[in-house]
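The values are calculated or read from the model by the stated rules, or taken from the named source; none is laboratory data. This is a predicted model, so every value here is computed, not measured. Cβ placement follows ideal geometry from the backbone for every residue including glycine, while neighbour counts extend to all protein chains displayed. The area values use the complete protein model at the heavy-atom level, side chains included, leaving out ligands, DNA and RNA. Shrake-Rupley method; radii C 1.70, N 1.55, O 1.52, S 1.80 Å.
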Amino acid sequence: MDNEKKSMIKDALILFAITLVAGLLLGFVHDVTKEPIRQQKAKAKAEACKNVFADADSFEAVVSEDGPAAYFVAGQDSNVDIDEVMRALDGSGQLLGYVITVTDHEGYGGDIQFSMGVRLDGTLNGISLLSIKETAGLGMKAGDVLVPQFADKKVESFTYTKSGSTSDSEIDVISGATITSNAVVNGVNGGLLFFRSELAGTEGGAVNE
């Protein structure tokens, strides 16, 4: 019996040692990779901003006490989150417009996140997809089919059509991927509504002041 107890204690100590070492290794790996991951995210954000506001020289975050997403979910559409708002500035620091990061929760494969650049007069420069997990060959065509259609449009909102667009406010759907098309269009409309409600006319002021 004593030998059995000693064996159990030994096994427990070995298991504890393995767990401890594994934990230390995971912590080390996390510390080593944390900064490169942060830098990669910052690079992706900067590229997305430039994609939708090419003539801006710099971007700075708009800060809100409650956060823009909190306002938008509570007051407008629970399917659309406004994740972040950046001011787009020229070389002299003058405000050109905003880069708004939007997440729509209606995608066929889950959330669809993108950035959109909106000038002070409400013109949409375009959108840049950040995260999308739609069906290969269908919804994943959003970057090629949907994104170009939003460039340089000044409308209050968009609708999608299956019969061919006849105006700036109409977006041709991806064939076989109406859900994806609807999600992107709704997300863009949410961003435009947020711009008109919270940003237009503030000349760079914080959201919800």
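Annotations
- Qualifying residues in segment 97-147 (those that are of a type in the set (Asp, Glu) and either over 18 Å from ILE82 (Cβ atoms) or not in a strand (DSSP E or B) (or both)) - the one modelled with the lowest pLDDT: GLU134
- PHE53 in contact with a helix residue (DSSP H, G or I) (Cβ under 8 Å, 6 or more places away or on another chain) and either surrounded by 10 or more Cβ atoms within 10 Å (Cβ to Cβ) or modelled with pLDDT of 70 or more (or both): no
- For segment 154-165, the tally of residues that are part of a loop (DSSP other than H, G, I, E, B) and buried (at least 18 other Cβ atoms within 10 Å of the Cβ) stands at 1.
- A residue that is open to solvent by less than 50 Å² (accessible area, probe 1.4 Å) and more than 24 Å from GLY110 (Cβ to Cβ) can be found somewhere in segment 143-153.
- Of all residues in segment 109-127, those satisfying the criterion of being closer than 20 Å to ASN79 by Cα and in contact with a Lys or Arg (Cβ under 9 Å, 6 or more places away or on another chain) are GLY109, GLY110, ASP111, ILE112, SER115.
- Number of residues in segment 166-189 that are part of a helix (DSSP H, G or I), of a type in the set (A, V, I, L, M) and either more than 24 Å from GLU84 (Cβ to Cβ) or open to solvent by 40 Å² or more (accessible area, probe 1.4 Å) (or both): the value is 1.
- Summed over segment 110-139, the residues that are free of Cβ contacts under 8 Å to residues at least 40 places away in the same chain, on the phi < 0 side of the Ramachandran plot and open to solvent by 40 Å² or more (accessible area, probe 1.4 Å) give a count of 8.
- Flag for ASP104 being touching a His at 6+ places or on another chain (Cβ under 7 Å) and within 20 Å of SER181 (Cα to Cα): no
- Within segment 90-109, the set of residues being open to solvent by 20 Å² or more (accessible area, probe 1.4 Å) and among the hydrophobic types (A, V, I, L, M, F, W, C) comprises LEU95, LEU96.
- Only residues that are over 21 Å from the mean Cα position of the chain (by Cα) and more than 19 Å from GLY109 (Cα to Cα) were counted across segment 161-180, and they come to 11.
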